[in-house]
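The next block holds one structure in the form of structure tokens; read it before the comments.
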Amino acid sequence: MTLFLEACIKANEEIALRLKEGFESSCFVKTQNGAGGDISSGFDLMAEAVFVKHLSSFGQIESEESGIIGEGKETIILDPVDGSDNALSLFPFYGTSVAKINADGILDAAVVCNLVNGDIFLKSDQNEVLQGKLFDSSFHAPCISSHSKIGLFEKAYAHFDVVKALNDAKLKFRAPGAVALSLAYARNVQYVLYVGAFRIYDFAAGLALCEGLEVIVEADYVIVSKEKEIAHKIEALLKDLKK
């Protein structure tokens with residue numbers, strides 16, 4: 001495992017330890033508008049500071065909260081807290097997302113972590129996608145469910161027409177509210193769907209973990225599924241809505 005991946009794991013473990021006794025009151029404080037457009041919380045900035053401490057030696061960091069931090073030939077795309085609103089609402093589905101783009105412009109490492117249950121997913125230096133647990137050095141191939149009953153539809157609240165189309169097609173879904181995490185769990189569910197304009201912070205690491213799955217990326221939607229037929233069925237629904 002590379003030093004970069006080890007540093008990402010250590011950063012996630014430090015954040016998880018800080019949360020072990022619950023959220024401090026400072027985590028709930030709203031601060032300024034972040035570089036990604038959302039208002040940063042104290043939790044976002046705490047997590048960002050931990051990642052900067054561990055990762056700044058590897059290159060320039062482009063964070064959803066503070067924008068460009070430091071310098072270097074390689075670029076680290078960072079979402080310090082994926083699912084911030086979930087976290088601050090004490091809804092247990094939130095984590096972190098990190099991707100590294102090397103000097104040749106190639107994304108060569110990615111890490112997504114679920115801070116609630118300790119699941120951590122990474123794209124290794126051997127170009128493998130692996131799954132493990134925080135505070136455990138063992139990793140394995142990602143878990144795959146062969147009996148998936150639901151998909152994950154991120155940003156469903158903004159697209160009632162798509163909700164109806166999926167319901168009419170009998171494609172059940174949940175809308176958990178953390179894009180990178182949803183993509184990390186794509187092998188467990190029937191599909192992952194995102195509709196709307198999207199930001200690099202939300203997708204860089206998550207999509208890198210979808211190696212080997214059917215992935216459709218367009219300007220206004222992203223579809224991922226382990227079943228090619230399901231992915232193209234959803235794409236056909238979306239295209240029909242545009243007619």
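All of the numbers you see were taken from the coordinates with simple rules; none came from a lab. Bear in mind that the values here come from a model prediction, so they are computed numbers and not experimental data. Counting neighbours? That spans all protein chains shown, and the Cβs are built from the backbone with ideal geometry, glycine included.
Assuming charge only on the beta carbon of Lys and Arg (+1) and of Asp and Glu (-1), the dipole of the chain about its Cα centre is about 800 debye to the nearest 20. Taking each DSSP H run with n ≥ 4 as -39500 (n - 2.57) and averaging over every residue of the chain yields -9000 deg cm²/dmol at 222 nm.
Quickly rank 207-219, 43-55, 141-153 as a protection proxy: mean count of other C-beta atoms within 10 Å, highest first.
In descending order of packing, they fall as 43-55, 207-219, 141-153.
Residues within the reach of a label modelled at Lys239 (point 7 angstrom out along Cα to beta-carbon, backbone nitrogen below 18 Å), restricted to segment 179-203, are 194-196.
With a cut-off of 16 Å on the backbone N, the residues of segment 72-110 near the modelled label site 7 Å out from Glu14 along Cα-Cβ are 78-81, 96-98.
Which links in Lys100/Lys133; Lys164/Lys233; Lys20/Lys100; Lys155/Lys243; Lys133/Lys172; Lys155/Lys226 stretch past 24 Å when you go from one Cα to the other?
Lys20/Lys100; Lys133/Lys172, as the Cα separations exceed 24 Å there.
Hey, if you put +1 on the Cβ of every Lys and Arg and -1 on every Asp and Glu Cβ in segment 1-158, which of Ile106, Gly151, Ile15 ends up farthest toward the positive end of that dipole? Checked the options; the winner is Gly151.
Globularity index of the chain is 0.99 (Cα radius of gyration / 2.2 N^0.38 Å, N = number of residues).
Could you calculate the FRET efficiency of Glu24 with Lys73 from 1/(1 + (r/R0)^6), where r is the beta carbon distance between them and R0 is 45 Å, rounded to 0.05? Walk me through the numbers on the way to the answer.
Working: r = 36 Å, r/R0 = 0.81.
So, using R0 = 45 Å, E works out to roughly 0.80.
Over all other residues within a Cβ to Cβ distance under 13 Å of Ala205, the charged ones net out to -4, with Lys and Arg as +1 and Asp and Glu as -1.
Kindly work out what percent of the DSSP beta bridges joining two residues of segment 151-242 are antiparallel, to the nearest 5. Could the numbers behind the result be given before it?
Working: 9 of 14 bridges.
Expressed as a percentage, antiparallel bridges in segment 151-242 total about 65.
Please say if segment 3-140 is rounded, prolate or oblate, where rounded means a/c under 1.5 for a ≥ b ≥ c the square roots of the C-alpha gyration tensor eigenvalues, and otherwise the choice is prolate for a/b larger than b/c and oblate otherwise? It comes out oblate by the Cα gyration axes.
Packing-wise, with mean Cβ within 10 Å as the measure, how do 122-129, 2-9 rank, highest first?
Details: 122-129: 16.0, 2-9: 18.8.
Top to bottom by mean Cβ count within 10 Å: 2-9, 122-129.
Across segment 182-194, coupling constants 3J(HN,Hα) worked out from phi with the 6.51/-1.76/1.60 Karplus curve, θ = phi - 60°, read 4, 5, 4, 9, 4, 6, 8, 10, 6, 6, 10, 10, 10 Hz, and Gly and Pro carry x.
Under the membrane-span-like helix rule (DSSP H runs whose alpha carbons stretch at least 20 Å along the helix axis, mean Kyte-Doolittle hydropathy 1.6 or higher), the chain yields none.
Label segment 187-236 by shape, choosing from rounded, prolate and oblate, from the square roots a ≥ b ≥ c of the eigenvalues of the Cα gyration tensor; if a/c is under 1.5 it is rounded, and otherwise prolate applies when a/b is larger than b/c, oblate when it is not.
Details: a/c = 2.16, a/b = 1.23, b/c = 1.75.
It comes out oblate by the Cα gyration axes.
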